[in-house]
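Participant: Once you've had a glance at the structure underneath, I'll fire off some questions.
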Amino acid sequence: MDFAAGQTLLFNKPKGWTSFDLVKKVRNLVRIKKVGHAGTLDPLATGLLIICTGKHTKTINQIQDEEKEYEVIFKLGATTPSYDAEFPEENIQDASGVSRLDIETAIEGFLGEIEQVPPIFSAVKVDGKRAYKAAREGKSLELKSRKVHIYEYALLDGNWEPPIFAAKIRCSKGTYIRSLIHDLGQNLGVGAYIKELKRTRIGSYQLVNAWEIEEFAAQFTKK
């Protein structure tokens, strides 16, 4: 592959890696400086991360504008400061009275164009500083809401035992799935946070066609 001329590479980002960790790894393997990614994933999230090299980095903004699709596993009956499993549970409540129908009814209120406030633990800039840095320093911030579009938000079937549920979400760029789940929990009156998050699609790019980083790296050790 001619990485300097430009490649659009699909990866399944490992859990625990930052998006930049993966970019750095790819950059070291392909040995060119012009490498960037389209659409950041949280460290605890997995799934599709698109990395562009060389002249293909010019398409990053266009890719980021595409519709995104996610699968999320979430828990009712508690919250966390980060809205995911990075921090211990707090505000623990009994969610046994919340039915699947209650959740599906609440979800309907999030379809279409909505106003959403990003999580305090996010890369949103406030006064030139990343919100998550201020949050880790214990500072209080007031983040502004933004308009996002939720095209699909539906519970998934599976071997999930309440208060654990799974959902598929299709949304516009700039949507925070952590906020979407947190806000659902607030709507239901019992709280909620993400246990697992996986991005499965960006526009026409599919996770099923993505490299595992180990497989990609193995190409560079072959004779």
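Participant: Nearest 500 deg cm²/dmol is fine: what mean residue ellipticity at 222 nm does the chain get from its DSSP H runs of n ≥ 4 alone, each adding -39,500 (n - 2.57), divided by its residue count?
Facilitator: Taken over the chain, the calculation gives -6000 deg cm²/dmol.
Participant: For Leu156 paired with Lys33, estimate the spin-label separation in nm (one decimal), with each label point 7 Å from Cα along the Cα-to-Cβ line.
Facilitator: Going from the Leu156 label point to the Lys33 one covers 4.1 nm.
Participant: Can you find, among Val72, Pro163, Val98, the residue sitting farthest towards the positive end of the charge dipole of region 68-202, where Lys and Arg contribute +1 and Asp and Glu -1 at Cβ?
Facilitator: Among Val72, Pro163, Val98, the one farthest towards the positive end of the dipole of region 68-202 is Val72.
Participant: Can you compute the charge dipole magnitude of region 68-202 about its Cα centre, using +1 on each Lys and Arg Cβ and -1 on each Asp and Glu Cβ, nothing else charged? Give it in debye, rounded to the nearest 20. Present the calculation step by step, with values, prior to reporting the outcome.
Facilitator: Numbers: 20 positive and 20 negative charges, 179 e Å.
Dipole about the Cα centre, nearest 20: 860 debye.
Participant: Using the per-residue mean of other Cβ atoms lying within 10 Å as a proxy for protection, in what order, highest first, do the peptides 160-166, 187-193 fall?
Facilitator: Working: 160-166: 15.3, 187-193: 20.9.
Descending mean neighbour count gives 187-193, 160-166.
Participant: Which one of Lys173, Lys147, Lys198 has the biggest mean-square fluctuation once the chain is modelled by GNM with Cα springs under 10 Å?
Facilitator: Lys147
Participant: Eigenvalues of the Cα gyration tensor times 5, then square-rooted: what semi-axes does that give for the chain, in whole angstrom, largest first?
Facilitator: For the chain, the ellipsoid semi-axes come out as 33, 19, 17 Å.
Participant: In the chain, once you exclude exposed GluC sites (Glu not before Pro) (DSSP loop, at most 10 other Cβ within 10 angstrom), what's the longest stretch remaining? Present the calculation step by step, with values, prior to reporting the outcome.
Facilitator: Details: sites that count: Glu137, Glu142.
The answer is 1-136.
Participant: For a test of the definition: using alpha carbon positions, the gyration tensor, and the 1.5 limit on a/c, classify region 65-125 as rounded, prolate or oblate. Intermediate values should be presented prior to the final figure.
Facilitator: Details: a/c = 2.05, a/b = 1.12, b/c = 1.82.
Here region 65-125 falls in the oblate category.
Every number in this text was worked out from the coordinates using simple rules, so none of it is lab data. Because the structure is predicted, anything quoted here is derived from the model rather than measured. Note that we place each Cβ from the backbone using ideal geometry, even for glycine, and neighbour counts take in every protein chain shown.
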